[in-house]
Every structure is written in C-alpha cells, then in structure tokens.
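Novice: Please find one structure pasted underneath; my questions will follow.
Please treat every number below as a calculation from the coordinates, not as lab data. This structure is a prediction, so every number in the text was calculated from the model and none was measured. Glycine gets a Cβ as well: all are built from the backbone with ideal geometry, and neighbour counts include every protein chain shown.
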Amino acid sequence: MCVSRATQVNVPHFGQEGDIDFYQDNGYVRLQNVFSGRLLQTFSKLITDAVRAANVRSLEDDDDYAKAFTQVMNLWENDPVVRSFVFSKKLAAISARLLQVKGVRIYHDQALYKEPGGGCTPWHADGYYFPLSTAKILTAWVPLQAVPRSMGPLEFAAKSQQDDIGRSLGISGESERKIQESVRSAGYHLASSAFELGEVSFHSGWTFHRADGNSTDQPRKVMTAIYMDEDIRMIEPQHSNHRADHERWLPGVKPGEVAASFRNPIVYSSA
C-alpha cells in the first residue's frame, strides 16, 4: 500500500480554533486566500488539460443534471500534477484540523467542470454514498477561478449535518425537490455567495448542499478532494451505491477494517 506519512505541517491562519468551531457547528467552512491566484492559474491549465485528455463527455443527456458537469474522478492515480494538488499538505492538514483527527487519507478526488449553460446541482449529502463508520470525512471544494453567482457557487444548508432531512436520497431531481422542501420547512440558514479567487470550502459528508446552474459562457472549473480520518473503518454496505463506492474506492477492504486500500494513502498525519 502506498503511504505518505508527513510530520506536522505549518499552515498559518487556516484550521484555527474559530474555523474548527464554525465547521463543527455549521457543517462547512469557507476559507479565503488558501491558494494564490498565480498558483491556481497554473494548476487550472494543467488540471484542465488532464480533464480534457480523459475524454469524458459532459452529462448533457442526464435529465436530473441537465448538462451540469464534465466529471472525472481519481485523476491523481494517473496524472502527477493532479496528484501534487490533491496530496497538498495544506489541504490535508486543514482537513485533519477541521475533522479533529490526527491524520487523513484520500477517499477520492473529482474534477467537476460545470459547462456553460449547465444546470443546477441538486440538493444532496455526499455521505449517502460512503460505506464508512463515522462522519469524519469532508470534501475540499477548490475553484480554479473566481466563482460569481452567475457560475453557480456552492450553497450550504448550515447545521443540516445534524439532522436527517434526506439521507436516504442520492443526488437527483427527487433529492432537489424533497430536500428543498425540508430545508425550507426547517428554516435552515442558506449560505450562498460568490467565491473569491483562492477561496476554498470544506463541507462535511452529511451537510446538505447544492448549486445553481452556470449561466456564463465559461466553464466553472473546480477540483475537489475528499479526505477521511486515517482510522475510519468500512461498514457493511447498505445499498447499491454503498456497494459501488466499496468496489471503486475501497477495493479489497472488508467491513470492519480500516479504509486503507491502495487507493486510500495517508496524505497527512501529525502522529
């Protein structure tokens, strides 16, 4: 198994007590100036080249996504540039602090390019897909450019990670309708605003979130990485999407074992 165990990484200004408290309370946090504009400009081109080389069509024929995404997963396994980005000690260390764990593994990465004219991303919680024993898992959502409202920035239902308002629903038109109704009736604060260049959001696996469509003539380019507690364990799959994630992201791992396949290296640990 490939393991990259790091010593303590100094990440000034990020993952501090106020950020941790906000994340633990609200299920998400947005941090400004995590990366410089120059660095993102470089990675934007290189990651886009990797996405286009993967030759994955946009999901334009999917009714629920309405041509929302060009979507490529686990680019890190084949592209060294993406690997260096996804294995960023800064992202991983911030994630470990927010989760309040000593270290994190990769669950998987995902390039999400919402094409011009792409539709909304329905309300959902990522945790629906994860056959894992705890909620110590989060997604780092890294826009490779500024994201104005017209491009469809992420919208979070603050504190929704505490409640079951649709945990049995995969991402779909049904989840958009039913969770939207639950969010409104429960009166959750909805956090949605433009992302500045260099801003990164981190959200819990059970935080409900969505995004509007991209009404601009440019793709909304986002690279995401899902980090999980290095000691998290796999559970017995409960449904077909659990089984699919097990086969794809946790190959060879058995229920009750640490989620530590060759696809889940430790990318940061303070131990």
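Novice: Pop out the ³J(HN,Hα) list for region 181-195 in order, Karplus 6.51 cos²θ - 1.76 cosθ + 1.60 with θ = phi - 60°, rounded to Hz; leave Gly and Pro as x.
Specialist: Ordered by residue, 3J(HN,Hα) equals 5, 5, 4, 5, 5, 7, x, 5, 6, 9, 9, 8, 7, 4, 9 Hz.
Novice: Give me the net charge for the shell around A194: Cβ to Cβ below 12 angstrom, other residues only, Lys and Arg +1, Asp and Glu -1. Please report the intermediate quantities before stating the final value.
Specialist: On the way: positive: R30, R149, R220; negative: E155, E196, E199, D212.
Net charge in that neighbourhood comes out at -1.
Novice: When a footprinting reagent is the concern and you count Cβ atoms within 10 Å, what order do V200, V86, V142 take, fewest first?
Specialist: Fewest-to-most ranking of V200, V86, V142: V200, V142, V86.
Novice: Here are some values of Rg and Dmax of the Cα atoms in Å: (1) 19.9, 61; (2) 17.4, 47; (3) 18.1, 51. Which one was computed from this structure?
Specialist: Computing Rg and Dmax of the Cα atoms in Å and matching it to (1) 19.9, 61; (2) 17.4, 47; (3) 18.1, 51 gives (2).
Novice: While we're looking at this one, here's another question. Under 19 Å between alpha carbons, and skipping anything fewer than 8 positions from K45 in its own chain: which lysines qualify?
Specialist: Result set, ordered by chain and number: K114, K221.
Novice: A further question on this structure: Which value in deg cm²/dmol, rounded to the nearest 500, describes the helix-derived mean residue ellipticity at 222 nm for the chain, given -39,500 (n - 2.57) per DSSP H run of n ≥ 4 and division by the residue count?
Specialist: It lands at -8000 deg cm²/dmol.
Novice: Under 17 Å between alpha carbons, and skipping anything fewer than 8 positions from K159 in its own chain: which aspartates and glutamates qualify?
Specialist: Of all the aspartates and glutamates, those that pass the test against K159 - Cα under 17 Å, at least 8 places apart if same chain - are D19, D21, D25, D126, E181.
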